[in-house]
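The values are calculated or read from the model by the stated rules, or taken from the named source; none is laboratory data. A quick note: this is a predicted structure, and the numbers were derived from the prediction, not measured. Backbone-built Cβ (ideal geometry, glycine too); neighbour counts: all protein chains shown.
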Amino acid sequence: MNRLVSYDWLKHYADLEDVSPEEFAKRISLSGPAVEKIFPADALLHKVVVGHVLEVKRHPNADKLKLAIVNVGTQHTAPVQIVCGGSNLRKDQWVAVALVGAYVKWHGEGEPVKLEPVELRGEKSEGMICAANEIGLADAFPHEEREILDLEEALRIGVLADSEDEHSKKRVFEHVMKPGTLLADLLGLSGDVIMDVEVTSNRVDAMGMVGFGREAAAILERDFLWEEPVLDSPRSKSRDSQLSVTVHDKDLCPRYMAARINGVKNGSSPWWMKKRLMAAGMNSINLLVDITNYVLLEYAQPLHVFDVARLRKKSESGKQEAEEVEIHVRLAQPQETVKALDGKDYALDDKTLVIADAEGPVAVAGIMGGERSGTYEDTTDIVFEAATFDSVSVRRTARRLNLYSDSQLRFEKGLSTEAPPIALARAIELTLELAGGELAGPVTDVCTHVYKPLSFSIASKEVSARIGVEIPEKKQVEILTSLGFGVKASKGVIAAQVPWWRDHDIEEAQDLVEEIARVYGYANIPAELPVGDAAPRGTDAELVWEDHIRTIAKGAGLTEVYSYSFVSDELYGKAGYDSSACLHVQNPLSEEFAFMRTSLLPSLLQVVAENQERYREQSLFEVAKVYYRRGEAWTDLPDESLELGCAFLAGEGSFAKAKGFVEHLLYEFGIDNVIWERFAQVGFWHPGRTAQAFKDGKLLATVGEVSPHILANVKIEGRAAMIDCPLKEIFALSKGIKSFTAPSPYPESKRDLAVIVDTHVEYDDIARAIREADALVAAVEWFDTYAGKGIADGKKSVAMHLDFSSPDRTLTAEEVDGLLQRILLGLKEKFGAEMR
């Protein structure tokens, strides 16, 4: 999991004033979350300045363009002319101007491009009056298409929103707004950097600024500056909260907290909050939603806010009472649906945990709120939700609905039941400060059990022994304490109580060793080679043969591919396979990975189809395992079988290439006397262009062209051939040592033979009969098959080259002619053959 971190914001939680971002990144990456990239917060604001529009004229050669005369400060001795198409451009407007040399995104899309002086429709343009999305500020200042950024309007509702009245805003505005001022300076973005930080999945706490600040303070041995939020109790009402919460499934929701606040004023968020949300890659929606996102970024604990006016509790008479609301945390009922905040409708099932009012679902628990209960500009009374949901339930629901969010990413990793109180307190604190209002009574807290923190003990000597360097017990205690552990040391034993934000991560005493080692610094542990010889590694025969196959295939010009072991029902259906025989994955990442494959061929077909536009000829292979159902119970472990799959896209020569490769492969493995049989089964394979290789009755390979119907399904043009090889049989029959027969020192005798046989007689059977006729037959090679004029119906002529050789003498013509006559008699007896 990666997150974006503003370094200026991080300094509010750890004393890092004298630590440069580069030094911080180096130190933190060696002991904690890794900083992968650092870039300035004002990256798209280089050479972007405040401009004052002095005059707007029509463009003489374009109806939709205008000529703006803009004062951009002392950088230019005179105002500059800029061609602009902004629909809201007007005289006396304050705008963001990208000067020549600045980088902007055209219409907010694509990569940044460098501005150069240009002429547009015959008029000179020295810069660009920018829209918010063209300089990376769309999240903070939304705008309509073709609208430029109006700085006066933007700053009055954003940067200057904290001013008490319009007079104060005007006074501050006139003070800060000067032509030529760097926009980054005006917005307070100069000097800050954004860090792209990778946080491992087990450290959800470090996904929050508070947790990341705690890590930074511990690793760099600095003060941790966070203070736990405290509710301002005098602003809370003492009467009932007019809020009822019922948790129907306590296993899936071990804790649910809610607080009602009346009389809030929703609107735009202050600039400091927008700036921090923008730095983290989040959009500003409205003040109330921004508060939930801000707390999410601070504490890694998701929150949700409901509009009370859209939540109802039914009275006994059946009428809805506007003053009192009820919330139910329950499983969805059959045929219930919810329209989420992404604007899409989702069909729910009885495995989906939802948040519901008396009318039905208003949110998918832990994932996303519903549109019906969302907050808008006219919202005055709200309910904040802070809860803990079962991680497995959230993960499965997200996959099932194909619905994902920042909240879901955190919930599915596992959050503590102790996180909601602090996050909710922070949300209430921010709301009362920024949106006004007052608490409508005490906070509702439905908790299924009393929290008991985990505790583990370990000897300090064992810690040093496992790390490989002597670390004083005092230092060990200091490290654990700085990370938030409650630590007691006595008689060489360290007892540590796990803080609640690590209760899904620290599972045993050995985890304490890792914590001490990483904060102590892996770089501080001496690099010493272990004493003694390495234990010899056993040889796995299957792996040796597997490597040998790859070497043979690559040597034959094939390209190796790696595809997923999971397939979709759609792909299997297109390839003519039945997915019902496959093992079904209970929690697939998506429908594309719902089944364990029983064949490599559908995946290879997909690879061929996806690459045929660039490569009209392909020769591919994959060596991987397939998975078959074992036993009657679906819970049984699958039977894994190693197979070789190949695909050839080479037009009419596809089958010849495929069969030639199999013959080469079997030869390299020392498997001879292979019997080839026609395979005419209708389905995946072409019934007239498919054969199977057998040895001692065991199937070694199926080689053939793919049925045109299957090729059409996967949109492959032309003819393609494939190979399906179960490697278990090949490995069993392979010879580790190849036999060698010295060539005869005596010359060979050659004869050509053409025989007429029934059309159903296979050449391979004829050749085998000839070779078995006498040991002096050295080789049989086909060169022609003919049927037509001069050949009776139902017959064909098969012509072959025959080589005869003896290891101890030169054969006479009479001996060879006699052998040839004996071969003809044998073929006539076995196949009814006649010499042509």
Would the range 742-762 turn up any residue that is within 53 Å of the chain's Cα centre (by Cα) and outside the structural domain of Leu700 (by TED's automatic domain parsing)?
yes
Failed condition for Ser460, given (1) under 34 Å from the mean Cα position of the chain (by Cα); (2) over 30 Å from Arg260 (Cα atoms); (3) surrounded by 17 or more Cβ atoms within 10 Å (Cβ to Cβ), with all others met?
(1)
Pull out all pairs, ordered by first then second residue, where Cβ-Cβ is under 7 Å, the residues are six or more apart or on different chains, the first lies in the range 480-505 and is more than 21 Å from Phe212 (Cβ to Cβ), and the second is of a type in the set (D, E, K, R) and assigned to a strand (DSSP E or B).
Ala495/Lys488
In the range 118-130, residues that are of a type outside the set (S, T, N, Q) and closer than 21 Å to Thr181 by Cα total 5
Can you confirm whether the range 698-712 contains a residue that is part of a loop (DSSP other than H, G, I, E, B) and modelled with pLDDT of 90 or more?
yes
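Inspect all residues belonging to the range 524-543 and state whether any of them is closer than 30 Å to Ser654 by Cα and surrounded by fewer than 18 Cβ atoms within 10 Å (Cβ to Cβ).
Within the range 524-543, the subset closer than 30 Å to Ser654 by Cα is 542-543.
If we keep only those that are surrounded by fewer than 18 Cβ atoms within 10 Å (Cβ to Cβ) too, we end up with 542-543.
Scanning the range 524-543, I find at least one residue that is closer than 30 Å to Ser654 by Cα and surrounded by fewer than 18 Cβ atoms within 10 Å (Cβ to Cβ), so the answer is yes.
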What residue, of Phe694, Phe684, is touching a Ser or Thr at 6+ places or on another chain (Cβ under 9 Å) and aromatic (Phe, Trp, Tyr)?
Phe684
Taking the range 19-44 only, how many residues are part of a helix (DSSP H, G or I), in contact with a helix residue (DSSP H, G or I) (Cβ under 7 Å, 6 or more places away or on another chain) and either within 14 Å of Ala206 (Cβ to Cβ) or at pLDDT below 90 (or both)?
2
How many of the residues making up the range 281-302 are touching a Ser or Thr at 6+ places or on another chain (Cβ under 7 Å), closer than 20 Å to Leu189 by Cα and of a type outside the set (Asp, Glu)?
1
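Name the residue, out of Ser393, Ser407, Ser416, that is in the same structural domain as Arg260 (by TED's automatic domain parsing), outside any helix (DSSP H, G or I), in contact with a strand residue (DSSP E or B) (Cβ under 8 Å, 6 or more places away or on another chain) and not charged (D, E, K, R). Reasoning before the result, please.
On the way: Ser393 fails: outside any helix (DSSP H, G or I); Ser407 fails: outside any helix (DSSP H, G or I).
Every option except Ser416 fails the conditions.
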Does the range 405-423 include one or more residues that are closer than 25 Å to Ile261 by Cα, of a type outside the set (S, T, N, Q) and surrounded by fewer than 16 Cβ atoms within 10 Å (Cβ to Cβ)?
no
Selection from the range 109-146 of residues that are within 30 Å of Val289 (Cα to Cα) and touching a Pro at 6+ places or on another chain (Cβ under 8 Å):
Ala132
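Could you please let me know if Glu705 is surrounded by fewer than 17 Cβ atoms within 10 Å (Cβ to Cβ) and farther than 21 Å from Val780 by Cα? Outline the logic, then answer.
On the way: surrounded by fewer than 17 Cβ atoms within 10 Å (Cβ to Cβ): no; farther than 21 Å from Val780 by Cα: yes.
Spelling it out, it is not the case that Glu705 is surrounded by fewer than 17 Cβ atoms within 10 Å (Cβ to Cβ) and farther than 21 Å from Val780 by Cα.
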Would you mention how many residues in the range 73-108 are surrounded by fewer than 16 Cβ atoms within 10 Å (Cβ to Cβ) and of a type in the set (Gly, Ala, Ser)?
4
Would it be correct to say that Arg214 is modelled with pLDDT of 95 or more and outside the structural domain of Pro79 (by TED's automatic domain parsing)?
yes
Taking the options Glu640, Glu617, name whichever one is free of Cβ contacts under 8 Å to residues at least 60 places away in the same chain and within 28 Å of the chain's Cα centre (by Cα).
Glu640
The condition of being more than 30 Å from Ile525 (Cα to Cα), outside the structural domain of Leu151 (by TED's automatic domain parsing) and of a type in the set (A, V, I, L, M, F, W, C) holds, among Trp9, Trp94, only for Trp9
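Within the bounds of the range 729-742, is there any residue that is of a type in the set (D, E, K, R) and assigned to a strand (DSSP E or B)?
Of the range 729-742, the ones of a type in the set (D, E, K, R) are 729, 735, 738.
Remaining after also requiring assigned to a strand (DSSP E or B): none.
There is no residue in the range 729-742 that is of a type in the set (D, E, K, R) and assigned to a strand (DSSP E or B).
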Hits in the range 264-300 (condition: touching a strand residue (DSSP E or B) at 6+ places or on another chain (Cβ under 7 Å) and among the β-branched types (Val, Ile, Thr)):
Val264, Val289, Thr292, Val295
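Could you grab me the full set of residues in the range 766-796 that are touching a Lys or Arg at 6+ places or on another chain (Cβ under 8 Å), closer than 17 Å to Gly826 by Cα and not aliphatic (A, V, I, L, M)? It would help to see each step written out before you state the result.
Just the residues of the range 766-796 that are touching a Lys or Arg at 6+ places or on another chain (Cβ under 8 Å), to begin with: 769, 773-774, 777, 780, 785-787.
Then keep just the ones that are closer than 17 Å to Gly826 by Cα; that gives 769, 773-774, 777, 780.
Asp774, the sole residue that qualifies.
Restricting to the range 181-201, name every residue that is under 30 Å from the mean Cα position of the chain (by Cα) and either more than 19 Å from Lys37 (Cβ to Cβ) or hydrophobic (A, V, I, L, M, F, W, C) (or both).
Quick first cut of the range 181-201, residues under 30 Å from the mean Cα position of the chain (by Cα) only: 192-201.
Correct list: Val193, Ile194, Met195, Val197, Val199, Ser201.
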At least 3 residues that are within 23 Å of Gly414 (Cβ to Cβ) in each: list the helices (runs of 4 or more DSSP H) lying fully within the range 433-542 that qualify.
509-520
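Residue-by-condition table, conditions (1) among the β-branched types (Val, Ile, Thr); (2) within 22 Å of Tyr746 (Cβ to Cβ):
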| residue | (1), (2) |
| --- | --- |
| Phe783 | no, no |
| Tyr786 | no, no |
| Lys789 | no, no |
| Ser806 | no, yes |
| Arg809 | no, yes |
| Val816 | yes, yes |
| Leu820 | no, yes |
Quick one: would you say Thr375 is touching a residue at least 12 places away in the same chain (Cβ under 8 Å) and part of a loop (DSSP other than H, G, I, E, B)?
yes
State all residues of the range 149-177 that are in contact with a helix residue (DSSP H, G or I) (Cβ under 9 Å, 6 or more places away or on another chain) and at pLDDT 85 or above; if no residue qualifies, say none.
Leu149, Leu151
